[in-house]
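Structure first, then comments.
Values in this text are rule-based calculations from the coordinates and carry no lab data. What you see is a predicted model; the values in this text were computed from it and never measured. Note: ideal-geometry Cβ built from the backbone for every residue, glycine included; neighbour counts use all protein chains shown.
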Amino acid sequence: MTRRSRILCACATLALLLLSSAAAASADVVVLTEDNFDKEVGQDRGALVEFYAPWCGHCKKLAPEYEKLGESFEKAKSVLIGKVDCDEHKSVCSKYGVSGYPTIQWFPKGSLEPKKYEGARSAEALVEFVNNEGGENITLCGHCKSLAPTYEKVASAFKLEEDVIVANLDADQHKDLAEKYGVSGFPTLKFFPKGNKAGEDYDGGRDLDDFVNFINENCGTSRDAKGQLTVKAGIIETLDTLVKEFVTASSEEKKTVYGRMEEEVEKLKGSAARYGKIYLKAAKSCLEKGADYANNEVQRLERMLKKTISATKADDFTLKKNILSTFA
């Protein structure tokens, strides 16, 4: 069966790692101040330093990712992961040309001449950068296990979508594939749109809603976090416009609009073609049974959806209800 889109998680062998709260101070990220900056940075190890402001929204978003980075390099002797509060230590931030937050800079071993980090603000991207600059080979294996329960919920939410695959890959078992797709940190998430075998890095959030929203936006699906179809499911804009004409038209005009709807449906492909047939069936029933048909049928479907039914049936009823609602 042809699948339109895939989202893939590559993980190495899983290890349990206790993560600190994002709101708590991480002992693995060294707090740098005006007093200790020169003692810690530019010495016998490379240093990645985040210059931040406590009130900065982007800094708050980065914080949990940066703490994962600190945890990963906790035992690395050749690398320091640090941060500077620029509200408290303005002179340090000014010295290194910091004008926006967060600013992330790499200080090579024995040097106070920094290189600005311009990459993605995810733990995976930061780990890869520090590995390359610091000559380390650190991974985020523990975060695979942390992600696993959420990822399973994502897979469950889209299990009825024929055009979406949510998959994972054990990079220890399939090192050739991990190497092929440039996987150097774990977990790495990649999105494969239809026809794109190279894939794209996924740098979004890792909450359930983040994944669900991303898949909906990029795959044309309409699921919520529980896997249920939303009120947008099945709605096709071009047909929706014609429905508005249909419901206000006279009896004779309705037949003309119906013909235009048939022409539009013939242009549709894939799942959209299926939705188009539901539009046509609804329009034909309205022509034959009168204006009250749509309202009555929507109410009947709402009653059915409150009963214990299979997920497939729920999808079918929801699609019909959503489309019939445009006629009501």
Formal net charge of residues neighbouring residue 242 (Cβ-Cβ distance under 14 Å; K, R +1; D, E -1): -2
Against the rule of thumb 2.2 N^0.38 Å, how large the Cα Rg of segment 55-106 comes out: 1.22
Degrees separating the helix 57-72 axis from the principal Cα axis of the chain, which is the longest one: 60
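P(r) tail for the chain, what percent of Cα pairs lie past 36 Å?
41
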With Cα atoms, 0 to 90° folded angle of helix 237-248 axis to the chain main axis: 40
For segment 247-328, fraction of C-alpha pairs farther apart than 21 Å, in %: 33
Zero-based 10 Å bins, Cα pair distances in segment 99-235, whole percents: 10, 34, 31, 17, 6, 1, 0
Inter-label distance for residue 174 and residue 284, nm, one decimal - labels placed 7 Å from Cα along Cα-to-Cβ: 4.4
The chain: most fluctuating residue of 145, 153, 90 per GNM, C-alpha cutoff 10 Å: 90
All-pairs alpha carbon distance profile, segment 142-206, 10 Å steps from 0, percent: 18, 51, 31, 1
Leading residue at positive end of dipole, segment 158-302 (Cβ point charges), from 251, 220, 235: 251
Sum of side-chain charges, residue 254 neighbourhood, beta-carbon under 14 Å (Lys, Arg +1; Asp, Glu -1): 0
Tilt relative to the chain, helix 251-267 - C-alpha long axis, 0 to 90 degrees, to 10: 40
Aspartates and glutamates whose Cα lies under 14 Å from that of residue 320, excluding same-chain neighbours fewer than 8 positions away: 240, 297, 302
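How big is the charge dipole of segment 120-187 about its Cα centre, in debye rounded to the nearest 20, if each Lys and Arg gets +1 on its Cβ and each Asp and Glu gets -1 on its Cβ? Could the numbers behind the result be given before it?
Values: 6 positive and 12 negative charges, 44 e Å.
Computed charge dipole of segment 120-187: roughly 220 debye.
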